[in-house]
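Asks: Sharing a structure below in structure tokens format, with a few things to ask.
The values are calculated or read from the model by the stated rules, or taken from the named source; none is laboratory data. What you see is a predicted model, and the numbers here were worked out from it, not measured in a lab. Using ideal geometry, Cβ is built from the backbone for each residue, glycine included, and neighbour counts are taken over all protein chains shown.
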Ligand code: GLN
């Protein structure tokens, strides 16, 4: 079925004119009609618009155009601006807001010929680890619909795992690409901070947020990274590093490369089957000729606490703009203060309010130095741990999550337990480095995907993808599909 293809498989068929972009898009739409009632990965999508984009792509293909993503249907997390499409961040506060422009990442996908369609469900403003904080209802894990898909980009992961699109975009502030990718059994890449422009991404925590792809294999991840990377004058945090040909690096040869195993990551809360899968992956890397080196990231223990100070502080500032005045939903009041508080009181969900209150607290006078400034210093120590480790190794291997997908409702009443599900992913954002999650096995009963996290040097995506790809090709876990 066409909707099951990877980007590279589909583009090969499209250029040979074995299939049309319309057929590929229709296959995705049919799959959505068949399974999305159970999965609810999409908040909304416009089938007629997707097909119109497909027809335009078919015309270009017919005229001999060779854009790298021509005719490939890609679905988008509801936090990125796509011109003339709704943008809600899975919140009520944006009302019926429609984007007036394309995010740079979207502009680049469109320039490469992609069919950009659908709004994927997420935790409200990307705050969460299970997609249960959406104002638009739960997304279900395609491997077991009683379980969560992870979060905050749960819709992006579930849509790819359920073959409702060829690939999708998500964002990762503390793990929101890698964690749901692990729990849904797909490939999720968080690029280095500054690799992809965030112009047109609704900010959660500006010093941590990155856009990245969800794909069915590592090659597709390389293709989408290449298509979206590069400096952008509209995002001053984007970095003018050259954009390599990432796909060309995927030659399977990792002989002699050094992969670090951080001793701090094999902790007590790690589920036995997850540990066994990661141990087996490490053995596989040795078989492939890599050298495994034990390393230490001594400040790992402080990562979650540091993250929840910095991320909430930045969120409290970023979310101040949702005031009912300039855009989005409004609840009227007798004066501006009443209007703000009524609008924000009605528009934000409980977790977003919790974060705004926490963030305002850690920034308030008298507490700023004790919390925020302190957290910034610890953040530097965490980054230095990684930079020191990368003097010795080419990549670092860890589990992506401590457990496989948990049940819906299991952690939603306990924010701390929920926060701890990102224990292995958060440091990567604090350090500003790149990371990827790839499938590395399954739990037995029930059968649920397990993710392997690989972390790479700043702007070291080429090496990271090469190492991920070598393992993927040697094992083939990514080929397994859920029965929906
Ligand atoms: N789960 C983390 C949080 O709730 C990370 C979210 C993200 O990466 N957007 O903040």
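Asks: Before we move on, is residue 275 touching a residue at least 40 places away in the same chain (Cβ under 8 Å) and surrounded by 14 or more Cβ atoms within 10 Å (Cβ to Cβ)? Step through it out loud before you land on a result.
Replies: On the way: touching a residue at least 40 places away in the same chain (Cβ under 8 Å): yes; surrounded by 14 or more Cβ atoms within 10 Å (Cβ to Cβ): yes.
For residue 275, the condition - touching a residue at least 40 places away in the same chain (Cβ under 8 Å) and surrounded by 14 or more Cβ atoms within 10 Å (Cβ to Cβ) - is met.
Asks: Restricting to region 156-172, count the residues that are under 10 Å from the mean Cα position of the chain (by Cα) and within 14 Å of residue 36 (Cα to Cα).
Replies: So in region 156-172, the residues under 10 Å from the mean Cα position of the chain (by Cα) come out as 156-157, 168-172.
Within this subset, residues satisfying the condition of being within 14 Å of residue 36 (Cα to Cα) are 156-157.
Residues in region 156-172 being under 10 Å from the mean Cα position of the chain (by Cα) and within 14 Å of residue 36 (Cα to Cα): 2 in total.
Asks: Continuing with the same structure: Suppose we filter 450, 467 for residues that are surrounded by 19 or more Cβ atoms within 10 Å (Cβ to Cβ), modelled with pLDDT of 95 or more and assigned to a strand (DSSP E or B); which single one remains? Please lay out each step first, then the result.
Replies: Numbers: 467 fails: assigned to a strand (DSSP E or B).
Exactly one of 450, 467 is surrounded by 19 or more Cβ atoms within 10 Å (Cβ to Cβ), modelled with pLDDT of 95 or more and assigned to a strand (DSSP E or B), namely 450.
Asks: Next up: Of the residues in region 51-69, how many are within 23 Å of the chain's Cα centre (by Cα) and surrounded by fewer than 24 Cβ atoms within 10 Å (Cβ to Cβ)? Spell out how you get there, then give the answer.
Replies: Of region 51-69, the ones within 23 Å of the chain's Cα centre (by Cα) are 68-69.
Those left that are additionally surrounded by fewer than 24 Cβ atoms within 10 Å (Cβ to Cβ): 68.
Qualifying residue count for the region: 1.
Asks: Go through region 424-441 and give me each residue that's more than 17 Å from residue 205 (Cβ to Cβ) and buried (at least 23 other Cβ atoms within 10 Å of the Cβ). Steps first, please.
Replies: So the first thing to find is which residues in region 424-441 are more than 17 Å from residue 205 (Cβ to Cβ), and the list is 424, 434, 436-441.
Once the filter is applied, which keeps residues that are more than 17 Å from residue 205 (Cβ to Cβ) and buried (at least 23 other Cβ atoms within 10 Å of the Cβ), region 424-441 yields 424, 434, 436, 437, 438, 439, 440.
Asks: Working carefully through the options 150, 170, 154, find the one that is over 21 Å from residue 29 (Cα atoms) and touching a helix residue (DSSP H, G or I) at 6+ places or on another chain (Cβ under 8 Å).
Replies: Working: 170 fails: over 21 Å from residue 29 (Cα atoms); 154 fails: over 21 Å from residue 29 (Cα atoms).
It is 150.
Asks: Return yes when residue 411 is more than 26 Å from residue 222 (Cα to Cα) and surrounded by fewer than 17 Cβ atoms within 10 Å (Cβ to Cβ) and no when it is not.
Replies: Numbers: more than 26 Å from residue 222 (Cα to Cα): yes; surrounded by fewer than 17 Cβ atoms within 10 Å (Cβ to Cβ): no.
In short, no.
Asks: I've got another one for you. Output yes when any residue across region 221-231 is within 16 Å of the ligand (Cβ to nearest atom) and over 29 Å from residue 358 (Cβ atoms), and no when none is. I'd like the intermediate steps shown before the answer.
Replies: Let us first name the residues in region 221-231 that are within 16 Å of the ligand (Cβ to nearest atom), namely none.
No - not one qualifying residue is present in region 221-231.
Asks: From 170, 188, 150, 137, which residue is part of a loop (DSSP other than H, G, I, E, B) and within 13 Å of the ligand (Cβ to nearest atom)?
Replies: On the way: 170 fails: part of a loop (DSSP other than H, G, I, E, B); 188 fails: part of a loop (DSSP other than H, G, I, E, B); 137 fails: within 13 Å of the ligand (Cβ to nearest atom).
Only one candidate qualifies: 150.
Asks: Still on this structure, I have one more. Output the helices (runs of 4 or more DSSP H) that fall wholly within region 294-366 and possess 2 or more residues being more than 16 Å from the ligand (Cβ to nearest atom), or say none.
Replies: On the way: elements: 303-318, 336-347, 350-363.
Counting at least 2 such residues, we get 336-347, 350-363.
Asks: Quick check on this structure: which one of 156, 207 is within 15 Å of the ligand (Cβ to nearest atom) and assigned to a loop (DSSP other than H, G, I, E, B)? Break it down into steps so the answer makes sense when it comes.
Replies: Details: 156 fails: assigned to a loop (DSSP other than H, G, I, E, B).
Only one candidate passes the filter, namely 207.
Asks: Residue under question is residue 230, and the condition is that it be surrounded by fewer than 24 Cβ atoms within 10 Å (Cβ to Cβ) and at pLDDT 95 or above; does it hold?
Replies: Working: surrounded by fewer than 24 Cβ atoms within 10 Å (Cβ to Cβ): yes; at pLDDT 95 or above: yes.
Yes.
Asks: If you don't mind, another one. Quick check on residue 183: is it in a helix (DSSP H, G or I) and away from the ligand (no atom under 15 Å from the Cβ)?
Replies: Working: in a helix (DSSP H, G or I): yes; away from the ligand (no atom under 15 Å from the Cβ): no.
Answer is no for this residue.
Asks: With the checklist (1) at pLDDT 95 or above; (2) in contact with a helix residue (DSSP H, G or I) (Cβ under 9 Å, 6 or more places away or on another chain); (3) surrounded by fewer than 18 Cβ atoms within 10 Å (Cβ to Cβ); (4) not in a loop (DSSP other than H, G, I, E, B) in hand, flag the one item residue 283 doesn't pass.
Replies: (2)
Asks: While we're here: In region 101-115, what residues are outside any helix (DSSP H, G or I) and crowded, with 24+ Cβ neighbours inside 10 Å?
Replies: 103, 114, 115, listed by residue number.
Asks: Looking at this structure, is residue 77 surrounded by fewer than 21 Cβ atoms within 10 Å (Cβ to Cβ) and in contact with a helix residue (DSSP H, G or I) (Cβ under 7 Å, 6 or more places away or on another chain)?
Replies: Details: surrounded by fewer than 21 Cβ atoms within 10 Å (Cβ to Cβ): no; in contact with a helix residue (DSSP H, G or I) (Cβ under 7 Å, 6 or more places away or on another chain): yes.
Against the criterion (surrounded by fewer than 21 Cβ atoms within 10 Å (Cβ to Cβ) and in contact with a helix residue (DSSP H, G or I) (Cβ under 7 Å, 6 or more places away or on another chain)), residue 77 does not qualify.
Asks: Taking residue 413 as meeting all but one of (1) out of contact with any strand residue (DSSP E or B) (no Cβ under 7 Å at 6 or more places or on another chain); (2) away from the ligand (no atom under 14 Å from the Cβ); (3) assigned to a helix (DSSP H, G or I), write down the number of the exception.
Replies: (3)
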